[in-house]
1. So, B:TYR186, is that one touching a Pro at 6+ places or on another chain (Cβ under 9 Å) and more than 14 Å from chain A (Cβ to nearest Cβ) or not?
2. If we keep just the residues of the stretch B:87-98 that are open to solvent by 10 Å² or more (accessible area, probe 1.4 Å) and closer than 17 Å to B:GLU19 by Cα, which is farthest from the other protein chains (Cβ to nearest Cβ)?
3. Among the helices (runs of 4 or more DSSP H) contained in the stretch B:19-108, which hold 2 or more residues that are touching a helix residue (DSSP H, G or I) at 6+ places or on another chain (Cβ under 9 Å) and within 22 Å of A:ALA120 (Cα to Cα)?
4. Starting from the stretch A:73-98, keep only residues that are among the acidic types (Asp, Glu), then list their pairs with residues that are not in a helix (DSSP H, G or I) whose Cβ atoms are within a distance under 7 Å, requiring at least 6 positions of separation or different chains.
5. Can you name the residue in the stretch A:198-234 that is at negative phi and of a type in the set (Gly, Ala, Ser) and is also most open to solvent (accessible area, probe 1.4 Å) among such residues?
6. Condition check: surrounded by 22 or more Cβ atoms within 10 Å (Cβ to Cβ) and touching a Pro at 6+ places or on another chain (Cβ under 8 Å). Does B:TYR211 satisfy that?
7. Go through A:THR55, A:THR61 for me and flag whichever is at pLDDT 75 or above, hydroxyl-bearing (Ser, Thr, Tyr) and in contact with a Ser or Thr (Cβ under 8 Å, 6 or more places away or on another chain).
8. Of the residues that sit in the stretch B:49-70 and are among the aliphatic types (A, V, I, L, M) and at pLDDT 80 or above, which one is most open to solvent (accessible area, probe 1.4 Å)?
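The values are calculated or read from the model by the stated rules, or taken from the named source; none is laboratory data. No experiment lies behind these values; they were computed from the predicted model shown. In this analysis, Cβ positions are derived from the backbone assuming ideal geometry, glycine residues included, and neighbour counts consider all displayed protein chains. Ligands, DNA and RNA are stripped out before the accessible areas are found, and what is left, the full protein with its side chains, is counted by its heavy atoms. Shrake-Rupley method; radii C 1.70, N 1.55, O 1.52, S 1.80 Å.
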Amino acid sequence: MTKNDQTEEVAIEVCDIDKTFKVYFDKANTLKERILFWNRNRHEVREVLSDISLTINKGETVALVGVNGSGKSTLLKLMTQIIYPDKGSIHTYGKLVSLLELGAGFHPDFSGRENIYFNASIFGLSKSEIDDRIDDIIAFSELGSYIDNPVRTYSSGMYMRLAFSIAINVDADILLMDEVLSVGDQHFQEMCYEKMMDLKKQGKTMVLVTHSMQAVKKYCDRAIWLYQGRIRMDGSTEDVVKEYLKVCG
Amino acid sequence: MFKRLFQYREFLSTSIKKEIRGKYKKSFLGILWSFLNPLLMLMVYAIIFPIILKSPEKNYVMFLMTALIPWTFFTTTVTQGMSTIIANGNILKKVYFPREILPISIVTSGLINFLISCIIIFIFLMITGIGYSKYLILLPFVILVQYIFLLGIVLILSSVTVYLRDLEHIIGVVIQALFYGTPIVYSLSTIPERFLWVFKLNPMAYIIQGYRDVLYYQQMPDVQGLVMLLLVSVVLMMVGYQIFNHLQKHFAEEL
């Protein structure tokens, strides 16, 4: 297989990465503190991820599962390029959109509509591209007349609806999602999963972090189980979920 | 770098707009403050300085205005620019976008505010009878020098401040000192020969003097000095971009 073929197939390539965080006990942030208490900068290096290598192909829907603190969100952040690995490399091919937290980047004083423009532009869309999509976004969010109210008046469910509607409508090739759907009501969650199935049919790649094993089994082709910063198991959803529930359930 | 910025041009322009609009959101007069601020500030100086300071300038208010408004562009941009990464920590930690958009949009929104304030200068040049001269065509050049210079400074300060928060206070003092080391409230011609080296080393002195030459004295500015400064600023901007790019990798963890 030539290199070119490979890039056509692969969506995310994670090569042998390590990531550590420095956890300061009492951080000297100012110059005075740095000089006076130079020895106070005691910190513990905490290994969050180690020896992670994985390849996600185009069109795959992958679930990251694991208990809290196992490094799932960190892995997503690394894929998004919000943080960088200490060792190893990550390559993503195609336009990537991540939904790591509810309404990240919403400006509370601006209306929902203005925030659509602002948020979609963070994802790299131009004004005319947003103009084309705005009706779809508003329709999908089912916010109706609330769309022109300031976002600070929204409930957390409305926040999520808006954030999700934007992320799903920006035509990304890769969609990363960190356990955000749980805020929505049953009806909206179903709508979201339906839409995700749509995207899947279009050949989009998705990586989800979720604790809902039902959703994993129903919607994902592949599951990766992270345990203490390492990949414990990587395989078909069926097998991984069974193992996972045996140990953690 | 430019390709990435072009791809994210919409975000760049919305964040510039946000910077300008957000500043005046919730105030009654809104963007009008871009006019009123320099105007009111000027009134204060116009009342105070003729009393405490006997200046040989024929029109001290205009003398002051042509220097003070560009100076405000400099100080507000530097102070806002250096805290922009920290202020936007919430977004930085959750969404990917080219980080350099933040400092660039601060400097650019500062520029737009400055251009609005320039209207005040033009109106007053007409009212006071000083008028305009052919040297006005050099004004865009002086503005360009200041813009590039600010970009370099803000790229460096915004990224370093994340790791060394003291810098905000240090720079505050430096700016105050620089105010007196720049010919703003006084004219260069009143400075004794042996202190002139201070102004040779101060980049803002070239810029401010440039504005004043073009707008107030209506004479040829020190073009050679300004071209030199432009070259230095371009280098500063490139070095600043490298520093910023290196430091930005750990922003999300430091904030």
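1. Against the criterion (touching a Pro at 6+ places or on another chain (Cβ under 9 Å) and more than 14 Å from chain A (Cβ to nearest Cβ)), B:TYR186 does not qualify.
2. Taking the candidates together, the pick is B:ALA87.
3. Hits in the stretch B:19-108: B:84-87, B:89-92.
4. The qualifying pairs are A:ASP86/A:ASP18; A:ASP86/A:LYS19; A:ASP86/A:THR20.
5. A:SER212
6. Yes.
7. Being at pLDDT 75 or above, hydroxyl-bearing (Ser, Thr, Tyr) and in contact with a Ser or Thr (Cβ under 8 Å, 6 or more places away or on another chain) holds for just one of A:THR55, A:THR61, which is A:THR61.
8. Top of the filtered list is B:VAL61.
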